[in-house]
Every structure is written in structure tokens, then in C-alpha cells.
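Working notes, beginning with the structure itself.
The values are calculated or read from the model by the stated rules, or taken from the named source; none is laboratory data. Keep in mind the model is a prediction, meaning the values are calculated, not measured. Quick reminder, even Gly has a Cβ in these numbers, built from the backbone with ideal geometry, and neighbours come from all protein chains shown. Please note that ligands, DNA and RNA were not included when accessible areas were found on the heavy atoms of the full protein model with its side chains. Shrake-Rupley method; radii C 1.70, N 1.55, O 1.52, S 1.80 Å.
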Amino acid sequence: MFSYGPLRFYLGVFLITACTLMFQLTETRILSVILWYHLAFFAISMAMFGLTVGAVWVYYYQSRLAPALSYYLSYFSSAFGVSLVVSLMGQLLLPLTVSLSLTCVLAWLLLAVFLALPYVFSGLVVSLALTQSPFPVSRVYGVDMVGAAVGCLAVVGLLSLTDGPSAVLWLAVLALAAGALFAGSGLGSPPEVLLPGTAFLRSRRLLLFLAFFAAVNGLTGYGLQPLVVKDEVERRNPFRLVVERWNYFSRVTAVRVEGEEPMLWGPSPKLPPGLRVDHRILRTDGFADTQMYRFRGREEEVAFLKYDVVNLVYFLPGRPRVAVVGAGGGRDVLSAWVFGRREITGLELNPIVVDLVTRHPELSRFAGLAGLPSVRLLAAEARNWFIRHPETFDIIQMSLAGDERANAAGGFTMSENGLYTREAWRIFLSRLTPAGVFSVSRWYHPGEVDEFSRLLSLAVATLLERGVAEPQSHLFAAAVGKMATLLISASPWSPEDLAALEQAVADYDYTLLVHPHRPPASPAWQRILAAKDPRALEEMARTFLLDVRPPTDDRPFFFNHLPFHRPGDWPALLRQISPRGALAGNFLAAFTLLLILFISLLLVLGTVIVPLRPAVRQVSPRLVFGGTAYFLLLGVGFMMVEIGLFQRLGVFLGHPFHGLSLVLASLIFTTGVGSLLSGALPLTRPGGLILWALLTAAYLGSLPLWLPGVLQGVESAPLLWRGLLCLGVITPAGLLMGCGFPGGMRLVMRQDPRPTPWFWGINGAAGVLAAGMAAVVGLAYGISFTLAIGAVCYAALIPAGVLIGFAGDDRPAA
């Protein structure tokens, strides 16, 4: 007779591992809303921490859990589901900020606990299933890998159907369903004593209630939702809120604003007073605003846009074809229209925004852009679109890929951005007509070396790479207040163009910053403009107190100005420069990173390292030192490679979430396969370990040499094909790295099995702490250096393995 017990067991394992990875990726989305993008590594760290705690707990108590396996699998799965709800509520209710106070430390410590709690229960379930079930380990592990990989991909669909909090509630429902499946798997006998809350966790009413709650929460938008977003209480006014939508990389809200002054990035002092307009604010993740103005086809309705310095480029004569990078709510598209341009292509990464502007019943009529002739609004990643479409434009405008509040709070400090690198700007300039102009607007603080200085450095580097001997002859910049616009011409400026720009600067009372035939407004900029080649520019940039090196795809952190590669300069930086605006945000983000590392250290010491110390008592020092070094290097090396690939491939794929989901899915699956295959490899012998470690280090070390060229060569491919290429890059790394942990454990077990819990904990602790370290290394020295450190760690496993001792070595480890 066919037994459904094994099927229920495998389905339970599949659901738990899928939910675990879906929760991890959903966490990065929620953290991006309530906090900032760069905290994705925090979610990864806490996931590894929780899973490590769960696995170590199983190791210690496996003899007590194994006889009633179905019961404990069911109990911990249901507890995982309930803990997902608790974790969600804790994150949404906890007001988080950064300040020099014990309260701040405790708040972030609570966040870490809320983040890690569900993974502890998930780790308990997966470890029990792998180590105590009667089924073949390879089969259970295979289901585990498939579930995790499917979860990484399924989260895209889930977050496209509902909001982030509701997605977590649905994951809780699936976890409870997994608990029900395990309860019917028939493994072991009932326990002598039931754990607290058993009846509650097994209740069908709980599952049905959570399913109902998840559905209603996703439909209303007024259930479990973020309370504090970016240090501000979010007040959800039903009379002003038009719509709220989520997808897998953003949350967009549209808000009505009636009869207020027009919001201009850099308003001219000549702007007529008393203007009142109706507009809509499209806000992404609680801070990045894009404006939508009422427009019915009459230019006078939005004539005030002529008074914004970001539109300086449109005072140039001719140049009818325009492309707008980051079209948002259509403000820059309207600007081009007001200045008489009629062939306009608007590129916007977020399909939600494009849908609201072009198809939403209320907002599309309000914006009035969908029916304009010769105007295209496309949902596309700009860099990839320009590569795939050989069209040329007279003007390419890119105004603020993020707003001042985001930078002032450190929102983008550690986030990679593929629009502000030398490789990206080469693409943009290549799509200009011979007289075309690339217009970029960013924040500016008079008298300080800041974001505009790096923008100028990037422009000079790109022009030098194009063979321009005198970059200044192609540049023009003006500012008003805190906004500056830099114009980069494909050809040297003509007298007619300069006359038009100079007239506009005078008429609108702007401040001239950079002129082809005059000294720039800052002596520091003169040093940047005087560079004669990219190498000289790079060396000159190192002389600045701030980091103004032109970003590249290997170091795509345009928004960070702190010299992480020169930490000794930080005290002087604090003394000499008033930290405000983006610089204040840089310091804030750096402090947040240090705070998270400190909290992570406290957690791993208190819950992993200290409790596991008895496992190495009465064990030979040689084995303890060798094994500790081996698993420490393994954890650090793996995380350096994971974070490095996530950052580099995120730029290549057009968004960090694409890189994170693909890298996680691919690495989990391929390292799992590598772990299964490791049993057939002679890693417990000197030759086998040395060969494996050298092959792994060689492949990882070669990535910085050939990967950039390969990615650049196929950048024009559709997203699917680029994703498959990334899978091809990750697969060899995952297969090789997956052999390291089981091989090391077998090596240790041959000598003495007693310290294995300690080594397991050391590996998990190293991974938890290395996630933040990898972010710092990438900021300071580039992603290639992060990958190189990973390669060195794997090569260093050879002496660590020698210290442990190999199979057949019967002498006592001493």
C-alpha cells in the first residue's frame, strides 16, 4: 500500500526551505522601505546567524528530538510560521534611528533579534530533516536545495501580487501548512511531554485566520504596514492617498497635493511669486519623490518648469530628439515639451511608475502624457536600453537618481548604482549625435568638495577615455541654491551654444560653475579638469580628503564620499569639513555599519561562541587551531564571494534585487550540489584537498580578470539571457565552494568528532560578520578586491587542512 508519509515529509521540507529564502528576500524589500537599500547585507547576516543557532541546537539535542521526529518537525515548522508574524510586527512597530545612545544600540539589537528569530526555527527544521530522518540524505538535501532555489524565484511573483507585509503573512500560512504535513508524515512516536503551545500551533483555526488576515491585509492597505519610514512617522491619509503598489524591488505611493507652490529642484530667483499648482507625488520606498503635474496639453500650465536649473540644457538651440533617464512621474518629459521638443523618449526603471503615468484611470488623465504625439514612456533600465537600441539623441537628460533626504540619511552610501560609472557614461555619450549633450543634475554645496566634485571627476574620466585631450572644452555647469547641472557636449562647445547658455545663466540668475574658457568656481575643480589621462586623474583624486575617484562598474558606489581606503583621514575630515547633506549621510551610514557589526559580534559571541566553548575542551590544540582557522577562512571566503557577486551582478542586471535573488538561488543550488558531490572527492587526503583548494582559488581569483570583459560584451542581451550568463558564472564557483564545508567536517571527524559543534559555530559566526566586512572592502578597494580576498581565503585552507591532519594519519593530533 502506498504511504503518503514520505511525500508529506518532502513537501514539508520543500515549503520550509522555500519560505526561508522568500522571507530573506522579502526582508530586504521591507528593510529598503523602513530603512535603506544597503542593509540587505544585514538581512543576509541575520539569516545565517539564525540558521547557525538552530543547527547547533539540533546537534546538542538530537538524541532527545529524534524519537519523536514528526512531532518536532511539525512543532518547529508551525513556530517558524508564528515567528514570521512576530518578526514582521516587531520590524514595523520598532522606531529605528541612528544616534550616540544606548537606546539606539538596544533598538538595533531588538531589530537583529526580530530578524533572526524565524531563521532559528527554520534551522531547527532543516537540520532535523537532514540529520534525523530515515530517508536518504542526498534526496532530502536535494529537496532542500530545490525548495530554496524555487523560493528565490517565486518571491518575485509573490511581491508582484501583494505588498511586503502581506507577503510575510502568506509565508506564515505556508509554514503552518508545512507543519501540518510534517504532523502526518508518521516519523517516530509521540513525545512523552508536549511542548508549550502545541495545541495552538496545530490549530486549523490559526492557519485559516492567518490566510484571511493576509488576504485582507493585502487588499486594504490599512492593516500591518510600516509605521516609521526613514525616521519619519508615515501618516496614511485616505483622502490624499491615491494608490499604493508593491513589486519585488519597490513600494510606490501616489499622493494628492492641491494648490501648493510647484516643487522645483533648483528654482531660479526669477521664478514668479505666488504660483499655485496641483500635482501628485509618486514616492518610492518612502523617500524618493517624483512629481506629476496637471497637464492638459497647454504649455502655459507648466511654464514654471523653465525656471528650474535642471532644464538648462533646453536653452540650447535646435536638438529636437530627447531621451530622459529616470522619467518618473513625467516631470522631465514635460520640461522637454515646454521647451518645444517633440520627439521625447522617457525611460523609467520601475514598471509601476510607468503604469500609473500611462494607464491608471485617475493619474494618467492628470499627467496627460499618454496621448502626446511622438512621446514614448518605456519601462526599461536605461543603460541596457541604450545598448540594445542604436538610436541617437540630441539631448540625454538625467536629473537626480535619488533625492537629498535619501543621501542625507545615508540611503545610497553603500548601494551600487550602474548609472554613475565610467562604463555607463561611455554608453550614454556614444548615443549622442555629433552635437548632442548629456545633462546631469546633482546636489551641490557651495564652497565644499562634495557630490558635484565626483560628478565632475566622472565626466572628465569619461571624456579622457574617449580620447578628448581638453575635457574642459566639452563641459559647462551652473547652479542655484543646492542644485547643480553639468552639461557634457559630444563636441567642443560652439560660440553660439556658449552664448545661449551664458544668456540663460544671466537671465535666470544662476551661478556659473564650469566654463570652457574660464577658471572653474572652485580651485579643487581646476585640479580635476587639468588631468591629462585617466591614470593622472585617479592619482590626483587620491589627494582629496574626500573620495572623488571616478566610479567604475568594479567600484560603483557613486554616493559614498568617505575614503574607506584611507580611514586614517577620517578625523581630519571631521575637523575640516562640516558634515552636512550627502557627507552627513555618509558618516551616518558608516556609523550604522559599525553598529550592525558590533551587534552581530555580540550575538555570535553570546549565542554561538561562548556556549560552544566546552566542545573544544580536552581537544588537542593542533586540531582546535587548525579547524578554527579552516572554518573561519571558509566562512569569510564564501561571504566575500557571495557579496562580491551580488554587487557586481546587480550592476550588470540593472538592479540590486536582481543580483541578490539570482546569486542566492544559484549559490544555494550549486553549493548544495557541490556538497553532495564532495563525498566522491578525496578531500581527506593531502593531494585531494590541495587540488580542490587551488582550483577553487584559481577560479575565484580569475573572475576579476575576465568577468568584466564578458559582462560588457553581452550587456546588450535581454534580462533573461543576462541572467543565464550569470548562472553560468556562478555555477563553477558554487560547485567548488560547496565541497569545502562537508570536506572539512569529514577531515575533523577523522581526528576527533567532539569539536565539530565548535567548528560549525565558527563557520556561521564568520559568515555573519564577513557580510558587513565585504561591504566595506568593496567600498574601499572595489568588488574585484572582495573576490580576490575570497580566493585567498580558499587558498589558505591548504595550510589549515595540513594543521588539522589527513585521513590515514593515525598519530594523535598534538
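Some notes on this structure:
- Among the residues of the stretch 591-619, just one is in a helix (DSSP H, G or I) and charged (D, E, K, R), namely R613.
- Restricting F212, F239, F200 to residues that are open to solvent by 40 Å² or more (accessible area, probe 1.4 Å) and within 20 Å of V125 (Cα to Cα) narrows the list to F200.
- So V86, is it open to solvent by less than 50 Å² (accessible area, probe 1.4 Å), part of a helix (DSSP H, G or I) and of a type in the set (V, I, T): no
- Number of the condition not met by P272 [criteria: (1) in contact with a Leu (Cβ under 8 Å, 6 or more places away or on another chain); (2) open to solvent by 40 Å² or more (accessible area, probe 1.4 Å)]: (1)
- Here M640 clears all of (1) touching a helix residue (DSSP H, G or I) at 6+ places or on another chain (Cβ under 8 Å); (2) in a helix (DSSP H, G or I); (3) open to solvent by 20 Å² or more (accessible area, probe 1.4 Å) except the condition numbered (3).
- A55, sole failed condition from (1) closer than 16 Å to G764 by Cα; (2) at pLDDT 90 or above; (3) small (G, A, S): (2)
- Every residue from the stretch 116-145 that is farther than 24 Å from V768 by Cα and in a helix (DSSP H, G or I): Q132, V137, S138, R139, V140, G142, V143
- Subset of the stretch 263-272 [in contact with an Asp or Glu (Cβ under 9 Å, 6 or more places away or on another chain) and free of Cβ contacts under 8 Å to residues at least 60 places away in the same chain]: M263, L264, L271
- Matching entry among P238, P272, P226 (being more than 32 Å from the chain's Cα centre (by Cα) and assigned to a loop (DSSP other than H, G, I, E, B)): P272
- Only listed residue being under 28 Å from L378 (Cβ atoms), in contact with a strand residue (DSSP E or B) (Cβ under 7 Å, 6 or more places away or on another chain) and touching a residue at least 60 places away in the same chain (Cβ under 8 Å), chosen from V242, V255: V242
- E232 open to solvent by 10 Å² or more (accessible area, probe 1.4 Å) and under 21 Å from F366 (Cβ atoms): no
- Selection from the stretch 242-261 of residues that are open to solvent by 20 Å² or more (accessible area, probe 1.4 Å) and outside any strand (DSSP E or B): Y248, E261
- The residues of the stretch 180-205 that are hydrophobic (A, V, I, L, M, F, W, C) and in contact with a Gly (Cβ under 6 Å, 6 or more places away or on another chain), listed by number, are L181, F182.
- Close pairs (7 angstrom Cβ cut-off, 6 or more residues apart or separate chains): among the small types (G, A, S) in the stretch 189-214, open to solvent by less than 30 Å² (accessible area, probe 1.4 Å) anywhere: S189/A68; A211/V173; A214/S166; A214/L169; A214/V173
- Boolean, R566 is more than 23 Å from A479 (Cβ to Cβ), open to solvent by 60 Å² or more (accessible area, probe 1.4 Å), modelled with pLDDT under 90 and of a type in the set (K, R): no
- Subset of the stretch 517-544 that is assigned to a loop (DSSP other than H, G, I, E, B) and crowded, with 16+ Cβ neighbours inside 10 Å - its residue that is nearest to the chain's Cα centre (by Cα): F544
- Note on the stretch 345-368: residues that are touching a Ser or Thr at 6+ places or on another chain (Cβ under 7 Å) and not in a helix (DSSP H, G or I) amount to 1.
- Of all residues in the stretch 332-344, those satisfying the criterion of being in a helix (DSSP H, G or I) and either among the acidic types (D, E) or open to solvent by less than 10 Å² (accessible area, probe 1.4 Å) (or both) are D332, V333, L334, S335, A336, V338.
- Candidates in the stretch 29-51 are the residues that are part of a helix (DSSP H, G or I) and at pLDDT below 80; of these, the one that is most open to solvent (accessible area, probe 1.4 Å) is Y37.
- In the stretch 688-715, the residues that are under 16 Å from G744 (Cβ atoms) and of a type outside the set (A, V, I, L, M): G688, W692, T696
- Subset of the stretch 149-184 [under 21 Å from L92 (Cα atoms) and not in a helix (DSSP H, G or I)]: T162, D163
- From Y293, Y307, residue being within 33 Å of the chain's Cα centre (by Cα), more than 25 Å from H655 (Cα to Cα), buried (at least 17 other Cβ atoms within 10 Å of the Cβ) and of a type in the set (F, W, Y): Y293
- Annotation: of all residues in the stretch 356-367 being open to solvent by 20 Å² or more (accessible area, probe 1.4 Å) and touching a residue at least 60 places away in the same chain (Cβ under 8 Å), the one that is farthest from the chain's Cα centre (by Cα) is E362.
- In the stretch 722-740, the count of residues that are polar (S, T, N, Q) and buried (at least 19 other Cβ atoms within 10 Å of the Cβ) is zero.
- On the stretch given as the stretch 119-134, residues that are out of contact with any Phe, Trp or Tyr (no Cβ under 7 Å at 6 or more places or on another chain) and open to solvent by 20 Å² or more (accessible area, probe 1.4 Å) total 5.
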